[in-house]
Amino acid sequence: TVTIKHRYGKWYLFVVTDAINTKVLPENSKMVGIDVGIITFATLSDGNKINNPRFFETKQKQLVKAQRKFQLAKNKSDKGQIKKRKKVVGKIHEKITNSRHNFTHQTSNALIKNYGTIIIEDINANSMIKKRWCNKQILDAAWGNFTDILTNKAECAGRQLVKINPSYTSQTCSKCGTRTLHELKDRIFNCGCGYSANRDDNAAQNILTLGLQSLCQAKA
């Protein structure tokens, strides 16, 4: 099927086919656990981190200014300005969306290339948005979109992707397994056994461990 759409002065052609483009990559024995977050987009169990680009946040002032001008044009019932200002607002949203998609694809490509087994949290972002005070930041990070794209790319590349239950990955010591309550503001995880680490690094280690356990149980 072919769909043609016009958005904010640009024409787009969408082509959908039944063919699946698969390119199986060479085998890779490296394994990694990934903890997604807001301060850092992703923390890997091997110590690497992926910065959060915060696309919406960086464009927020520009967007608010454009929306005010659009609303002013509506209040004045100026049809010419309404159309013009609506187009400006739409282009800003489009740029944010395109930048986010590009980042997600580039990031997932790098992970697929560098690791043979990838372990991630099975996050329900929609439920988190309803409960968290930081729902705007969660939407901006687009964890759900990242997970979907990473899953599809892993399947096409012949990589192993494991999803684990995210419960208590940030509250459990990756060294001794003791569960210790920490609030979101606590960026350092401290355990009674003496272990201390960055909260996200500790969670990434737990995600890796849980993923490996899941794989062992599946083989048993």
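Only bridges with both residues in the chain count here: give the DSSP antiparallel percent, nearest 5.
65 percent
First compute the accessible area of region 1-119 with a 1.4 Å probe, then give the percent of it belonging to carbon and sulfur atoms.
Carbon and sulfur: 53 percent of the exposed surface of region 1-119.
Please calculate the 1.4 Å probe accessible area of L212, with all protein chains present, and give it to the nearest 10 Å².
Rounded to the nearest 10, the figure is 60 Å².
Go ahead and run the numbers for FRET between H6 and R187, Cβ-Cβ distance against an R0 of 45 Å, rounding to 0.05.
It comes to 0.45.
Cα centroids of region 159-220 and region 1-63: how far apart, whole angstrom?
One Cα centre to the other: 25 Å.
Does region 1-68 come out rounded, prolate or oblate, given a ≥ b ≥ c as the square roots of the eigenvalues of its C-alpha gyration tensor, rounded meaning a/c under 1.5 and, failing that, prolate meaning a/b above b/c?
Judged from the Cα gyration tensor, region 1-68 comes out oblate (a/c at least 1.5, b/c at or above a/b).
May I ask you to derive the relative contact order of the chain, considering only C-alpha pairs under 8 Å and at least 6 residues apart, and to give it as an integer percent?
Contact order relative to length: 24 percent.
Starting from the Cα-Cα distance between H105 and R179, subtract it from 0.36 nm times their residue separation and give me the gain in nm to one decimal.
Between H105 and R179, full extension yields 23.2 nm more.
How much area per residue is accessible in the chain when the probe is 1.4 Å and only protein heavy atoms are counted (Å²)?
Here the per-residue accessible area is 64 Å².
Suppose we flag GluC sites (Glu not before Pro) only when DSSP calls them loop and at most 10 other Cβ atoms lie within 10 Å. Which is the longest uninterrupted stretch of the chain?
Segment 28-182 is the longest.
What does the helix-only formula give at 222 nm for the chain: each DSSP H stretch with n ≥ 4 adding -39500 (n - 2.57), the total divided by the residues, and the result rounded to the nearest 500 deg cm²/dmol?
Roughly -16500 deg cm²/dmol at 222 nm, from the helical runs in the chain.
Return the FRET efficiency for the residue pair N145, L13: r is the Cβ-Cβ distance, R0 is 22 Å, and the value is rounded to the nearest 0.05.
Efficiency, from the Cβ-Cβ distance: 0.50.
Pulled fully out, how much extra length does the chain show between K30 and N75, if you take 0.36 nm times their separation in residues and subtract their Cα-Cα distance?
This chain segment gains 10.3 nm when fully extended.
Ignoring ligands, DNA and RNA, what percent of the 1.4 Å accessible area of region 154-220 is carbon and sulfur?
49 percent
Longest span of the chain, sites excluded, free of trypsin sites (Lys or Arg not before Pro) in DSSP loop with at most 16 other C-beta atoms within 10 Å?
77-131
For a paramagnetic label modelled at 7 Å from the Cα of Q217 toward its Cβ, which residues of region 133-176 fall within the zone defined by backbone nitrogen distances under 16 Å?
Taking a point 7 Å out along Cα→Cβ of Q217, the residues of region 133-176 whose backbone N falls under 16 Å are 162-169.
Applying the Karplus parametrisation 6.51 cos²θ - 1.76 cosθ + 1.60 with θ = phi - 60° to the phi angles of region 78-83, what ³J(HN,Hα) value in whole Hz is obtained for each residue in order, glycine and proline being reported as x?
With the stated coefficients, region 78-83 comes to 8, 4, x, 6, 4, 4 Hz.
Quick check: residue separation of K59 and K136 times 0.36 nm, minus the Cα distance between them. What number comes out in nm?
Gain in length upon complete extension: 26.4 nm.
Can you tell me which lysines have their Cα less than 23 Å from the Cα of K83? Leave out same-chain residues fewer than eight positions away.
Counting by Cα, and skipping residues close in sequence, K83 has these lysines nearby: K5, K10, K59, K61, K65, K69, K74, K91, K95.
Which residues' amide hydrogens lie under 5 Å from the amide hydrogen of D46, considering only partners 5 or more residues apart or on another chain, with H built in the peptide plane?
The answer is G33.
Please return the longest stretch of the chain lacking exposed loop sites, where chymotrypsin sites (Phe, Trp or Tyr not before Pro) count only if DSSP places them in a loop and at most 13 other Cβ atoms lie within 10 Å.
The reported range is 1-132.
List the residues, sorted by chain then number, that are 5 or more residues from F189 or on another chain and whose placed amide H is less than 5 Å from its amide H.
Correct list: A197, N198, R199.
The values are calculated or read from the model by the stated rules, or taken from the named source; none is laboratory data. Here the structure is a predicted model, which means the values were calculated and not measured. Neighbour counts run over all protein chains shown; Cβ positions are idealised from the backbone, glycine included. In case anyone asks, the SASA skips ligands and DNA or RNA and just uses the protein heavy atoms, side chains included. Shrake-Rupley method; radii C 1.70, N 1.55, O 1.52, S 1.80 Å.
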